Amino acid sequence: MLTLHTEQQALATLAVQDRETSRYLLFDEQHQLCGRRAGTEWERGISSAIVQTLARAFSGIHVISPRLLTMMSEEGVFSIIATYLRLAAQGEHITAFRADEYYWRDLGKPESVAQQREMVQDGRR
């Protein structure tokens, strides 16, 4: 993922998967962020010339360039996706990294950690 980020000289590289979710990020044929879809709501403001989009689920894992920090103008609590969409609309490279072959698990809650520990002990992951 870091190699792709460096090679693409991306502002941010997002780990995405082809799986079901209630919120999708939309990428163009070059795997550049071009919108998002949450339920039936679509947000595509990057380019109306983009015909084909790929909907992918964001894992929450990203590699960022230090430049991103100086480009953030949002204040208070906000979604980093809004920042990414704004910057992509300005021509910045927000790139997808296909992470389908990797096992990702959200361990942000104590019960998730306990469940994962049990799965590892049982040999399920």
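Some points to look at:
- Each residue was assigned an accessible area with a 1.4 Å probe, and for Thr6 the value is about 90 Å².
- Average accessible surface for the chain: 64 Å² per residue, computed with a 1.4 Å probe over protein heavy atoms with every protein chain in place.
- Where Asp28, Asp106 fall by accessible area, highest first, once all protein chains stay in place (1.4 Å): Asp106, Asp28
- The value for the chain of Rg(Cα) / (2.2 N^0.38 Å) is 1.16.
- Length-normalised contact order for the chain - Cα pairs under 8 Å, 6+ apart - percent: 34
- Thr3, Thr21, Thr95, ranked by accessible area, largest first (probe 1.4 Å): Thr3, Thr21, Thr95
- Between Arg23, Arg105, Arg56, the GNM of the chain built on Cα springs shorter than 10 angstrom shows Arg105 fluctuating the most.
- Over the chain, DSSP H runs of length four or greater, each weighted -39,500 (n - 2.57), average out per residue to a 222 nm ellipticity of -7500 deg cm²/dmol.
The values are calculated or read from the model by the stated rules, or taken from the named source; none is laboratory data. On a predicted model such as this, the values are computed, not experimentally measured, just so you know. Each accessible area value is taken on the protein alone, full model and side chains, heavy atoms only, with ligands, DNA and RNA left out. Shrake-Rupley method; radii C 1.70, N 1.55, O 1.52, S 1.80 Å.
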